[in-house]
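Written below as structure tokens is the structure these notes are about.
The values are calculated or read from the model by the stated rules, or taken from the named source; none is laboratory data. Small disclaimer: the values here were computed from a predicted structure and weren't measured. Note that we place each Cβ from the backbone using ideal geometry, even for glycine, and neighbour counts take in every protein chain shown. Remember, those area values only see protein heavy atoms, side chains included, never the ligands or the DNA or RNA. Shrake-Rupley method; radii C 1.70, N 1.55, O 1.52, S 1.80 Å.
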Amino acid sequence: MKYGFIKAACLSPEVRLADCRENTARIEAAVSENTDAQLLVFPELCLTGYTCGDLFFQQTLLENARESLKELAEFTTDINSVVVVGLPLQVGGKIYNVAAPLAGGKVLGIVPKTYLPNYAEFYEKRHFERAPDGVRDIDIGLGYPVPFGTALTFACQDMPGFVLGVEICEDLWSPNPPSTRLARGGATVLVNCSASDETVGKTEYRRELVRNQSARLLSAYLYASAGYGESTQDMTFAGHSIIAEDGRTLAERKPFSADICKTEIDVDALILERSHNTSFETAPLTSVPFHLNVVENILTREIARYPFVPSNTSLRAERCELIFNIQASGLAKRLQTINSKTAVIGISGGLDSCLALLVAVRAMKLLNRPASDILTVTMPCFGTTKRTRSNAEILCERLGVSFQEIDITDTVRSHFRDIGQSEDDLSVTFENGQARIRTLELMDVANKSGGIVVGTGDLSELALGWATYNGDHMSMYGVNAGVPKTLVRHMVRYAADTAEDEELSRVLIDILETPVSPELLPAKDGEISQKTENLVGPYELHDFYLYYVLRFGFPPRKIFHLAKAAFPDYSEEVLLHWLQNFYRRFFAQQFKRSCLPDGPKVGSVTLSPRGDWRMPSDASSRLWLDEVTAIKKEMDQE
């Protein structure tokens, strides 16, 4: 529960029909085997079995189910978990199909099923009553009143973000699931005790239903279904269980398998998602408090090392094509709107300018214009190497674009004389002076050719401020502004893998293998001497930090915790060092982001001052850096 994570499990032990005592023993055994989880969900009517038929009318079965509920509640006294079980319960002369959350030795509440299927193989209305409106306290012989109704949520007092909502099987399949109301009432974790039989095609439908409901409700959704032991007289039950979070399947017990459906749910992420989603309206319900001890869960869920890069390789082509089309269509519209004759790109032989050029070629195709309308300019100076210069020229040749070289060395030296800058002084002025001359040349070439300058800087560079103000920071349209460096690499790799031209593929791969560098410092023995990642840190780390800072607003302590799981090959000291560097640069460089050129949004994270990110340039980073410092002190004391 520390860092906002709760461990949860959907369990489906073998059921013995109508034998409440045996089923209770099996549930207790399953709970005992999973005490590392703070939430344990069992199937619909698991104390009796779902397929008891008219045995539900037998008073013996009903009384034993109630006694089993009491026993299980007492069993949770020394268990640091909420346990949700299903049973038939007689209330006011009617029998209800209910689910009951148990914790701290008590039954927290009773939630009756709202929608009773009475079609095809289902005939629940024969035995059960539909859930009544409202919430009331009932006496079921426990010595204390128990809340009864569907408008109930269960709130953990020790972890305010953990609020539980319960529905039962068919409730989810209905046009208006109770879980929608529960989520609006504050429930972040929704559970479904189910007994869904298995038929052809139902597995996929069930999986998508759960996943989509978690996405719609910005919630976690746990679906625990009945399995082996239910009657196979007319149906078969496969124990298919799923845990989804905000549209993503985290864990699954596939039908007829022995898999364990257990994972961690990030409650903090759900709360933060809801906090900035203005479409998520709230309507408070009756809330029942409960307590759990706060523990730190070992993360077993996947923490993506590259959160901006699609992890599903089967979707790689589709995702890359979509991103290319977003970038290209944005540029094409701009070129068309202002009747631009050319698209001017400073081509360096590096990753960013390579992606910008590939996008520009696609944009010209969309406009039915020749690639030669793209005017690429290479501008060698003190730090240019033969490798990057050669790659730039070959790339342009294979893509059929116009290419020219402007050696800016003399211009830079003239400028240095104007401002009294020595060539031996390899300071920031030495670097930025070259970057601004490059931009000056591009802007004027664009004016001369009746075109616009296409910016090449990427999202990662914007986050770190790794751009020269009014130098490569500026353009007329920044096609890579929404693409972080790790995704740039992925896009160029995709282009290389799918290129029909072998020479084009070869040069793209060599560009991928070239160290990232602005080439503003003199080369050493013909090799790149200025390697960006040696100065600002590994982009894979910064992109990871950027994602969690912007997408969720997580604090440094949680981001560090996630980074340790995603990057086990980095030491904690290195991770923390670059996290500190990220915050320092991110805050200090906001002034550059406050005046960015237009550029298309590609993913869920962007830094456009007109779009998703509005931040004062004078904001202090003190609170964030102090937290990083505190983590360092704690590490030193261990």
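Yes/no matrix, rows are residues, columns are (1) under 18 Å from LEU182 (Cα atoms); (2) of a type in the set (A, V, I, L, M); (3) over 34 Å from the mean Cα position of the chain (by Cα); (4) modelled with pLDDT under 95:
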| site | (1), (2), (3), (4) |
| --- | --- |
| LEU55 | no, yes, yes, no |
| GLU67 | no, no, yes, no |
| LYS70 | no, no, yes, no |
| THR77 | no, no, yes, no |
| VAL91 | no, yes, yes, no |
| ALA99 | yes, yes, no, no |
| GLY105 | no, no, yes, no |
| LEU108 | yes, yes, no, no |
| LYS113 | yes, no, no, no |
- Message: Checking the structure you have, find out if any residue of region 119-139 is surrounded by fewer than 20 Cβ atoms within 10 Å (Cβ to Cβ), within 29 Å of the chain's Cα centre (by Cα) and within 21 Å of PHE75 (Cα to Cα).
- Response: no
- Message: Could you check region 454-467 and list, in sequence order, the residues that are open to solvent by 10 Å² or more (accessible area, probe 1.4 Å) and farther than 19 Å from ALA360 by Cα?
- Response: GLU461, LEU462, TRP466, ALA467
- Message: Being at pLDDT below 95 and either open to solvent by 20 Å² or more (accessible area, probe 1.4 Å) or within 24 Å of LEU487 (Cα to Cα) (or both) narrows it down to one residue among ARG593, ARG614; which is it?
- Response: ARG614
- Taking region 367-383 only, how many residues are at pLDDT 95 or above and hydrophobic (A, V, I, L, M, F, W, C)? 5
- Message: Looking at (1) open to solvent by 10 Å² or more (accessible area, probe 1.4 Å); (2) under 27 Å from the mean Cα position of the chain (by Cα); (3) polar (S, T, N, Q), which one does GLN233 not meet, given that it meets all the others?
- Response: (2)
- Query: Could you give every pair whose Cβ atoms fall below 8 Å, whose first residue belongs to region 495-514 and is in contact (Cβ under 8 Å) with a residue 12 or more places away in the chain and of a type in the set (S, T, N, Q), and whose second residue is open to solvent by 80 Å² or more (accessible area, probe 1.4 Å) and part of a helix (DSSP H, G or I), counting only separations of at least 6 or pairs across chains?
  - Reply: THR514/ARG387
- Restricting attention to region 387-421, the residues that are of a type in the set (Gly, Ala, Ser) and open to solvent by 60 Å² or more (accessible area, probe 1.4 Å) number exactly 1
- Query: Consider LEU292 against the criteria (1) modelled with pLDDT of 95 or more; (2) open to solvent by 50 Å² or more (accessible area, probe 1.4 Å): it satisfies all of them except one. Which criterion is unmet?
  - Reply: (2)
- Any helices (runs of 4 or more DSSP H) falling wholly within region 489-566 and containing at least 2 residues that are open to solvent by less than 10 Å² (accessible area, probe 1.4 Å) and at pLDDT below 95: 502-513, 532-536
- Of the conditions (1) farther than 25 Å from ALA238 by Cβ; (2) open to solvent by less than 60 Å² (accessible area, probe 1.4 Å), THR60 fails just one. Which one is it? (2)
- Item | Check on ASP612, within 26 Å of the chain's Cα centre (by Cα) and in a loop (DSSP other than H, G, I, E, B) | yes
- With respect to the numbered conditions (1) modelled with pLDDT of 95 or more; (2) out of contact with any Leu (no Cβ under 7 Å at 6 or more places or on another chain); (3) within 26 Å of GLY4 (Cα to Cα), which one is the sole condition not fulfilled by PRO147? (3)
- Item | Inter-residue pairs, beta-carbon under 7 Å, first under 17 Å from LEU366 (Cα atoms) and among the small types (Gly, Ala, Ser) and in region 310-330, second open to solvent by less than 60 Å² (accessible area, probe 1.4 Å) and in a helix (DSSP H, G or I), 6+ apart | ALA328/VAL359; ALA328/ALA363
- Selection count, region 626-638, where residues are at pLDDT 95 or above and either hydrophobic (A, V, I, L, M, F, W, C) or part of a loop (DSSP other than H, G, I, E, B) (or both): 3
- Task: May I ask you to list pairs of residues, at least six apart or on different chains, whose Cβ atoms are under 8 Å apart, with the first in region 541-563 being over 12 Å from ARG305 (Cβ atoms) and in contact (Cβ under 8 Å) with a residue 24 or more places away in the chain and the second being polar (S, T, N, Q) and surrounded by 22 or more Cβ atoms within 10 Å (Cβ to Cβ)?
- Result: HIS542/SER460; LEU546/SER460
- Of the residues that make up region 330-338, is at least one at pLDDT 95 or above and assigned to a loop (DSSP other than H, G, I, E, B)? yes
- Task: With the checklist (1) of a type outside the set (A, V, I, L, M); (2) open to solvent by less than 20 Å² (accessible area, probe 1.4 Å); (3) touching a Phe, Trp or Tyr at 6+ places or on another chain (Cβ under 9 Å) in hand, flag the one item GLY478 doesn't pass.
- Result: (3)
- Message: Anything in region 239-286 that is part of a helix (DSSP H, G or I) and in contact with a strand residue (DSSP E or B) (Cβ under 9 Å, 6 or more places away or on another chain)? List them, or say none.
- Response: VAL267, ASP268, ALA269, LEU270
- Within region 384-428, can you find the residues that are of a type in the set (A, V, I, L, M) and part of a helix (DSSP H, G or I)? ALA392, ILE394, LEU395, LEU399, VAL412, ILE419, VAL428
- Query: Take the residues of region 246-275 that are touching a helix residue (DSSP H, G or I) at 6+ places or on another chain (Cβ under 6 Å) and under 16 Å from CYS10 (Cα atoms): which is most open to solvent (accessible area, probe 1.4 Å)?
  - Reply: THR249
- Quick one: which of ALA183, ALA187 is open to solvent by less than 10 Å² (accessible area, probe 1.4 Å), part of a loop (DSSP other than H, G, I, E, B), farther than 29 Å from THR51 by Cβ and touching a strand residue (DSSP E or B) at 6+ places or on another chain (Cβ under 9 Å)? ALA187
- Query: Under the condition of being without any contact (Cβ under 8 Å) to a residue 12 or more places away in the chain and among the charged types (D, E, K, R), which residue from region 424-444 is surrounded by the most Cβ atoms within 10 Å (Cβ to Cβ)?
  - Reply: ASP444
- With respect to the numbered conditions (1) out of contact with any Pro (no Cβ under 9 Å at 6 or more places or on another chain); (2) open to solvent by 70 Å² or more (accessible area, probe 1.4 Å); (3) touching a residue at least 12 places away in the same chain (Cβ under 8 Å); (4) over 30 Å from ASN581 (Cα atoms), which one is the sole condition not fulfilled by ASN447? (3)
- Task: All but one of (1) loosely packed, with under 15 Cβ neighbours inside 10 Å; (2) within 23 Å of LEU322 (Cα to Cα); (3) modelled with pLDDT of 95 or more hold for LEU623, so report the exception by its number.
- Result: (2)
- Item | Criterion violated by ILE408 - all others in (1) modelled with pLDDT of 95 or more; (2) touching a helix residue (DSSP H, G or I) at 6+ places or on another chain (Cβ under 6 Å) satisfied | (1)
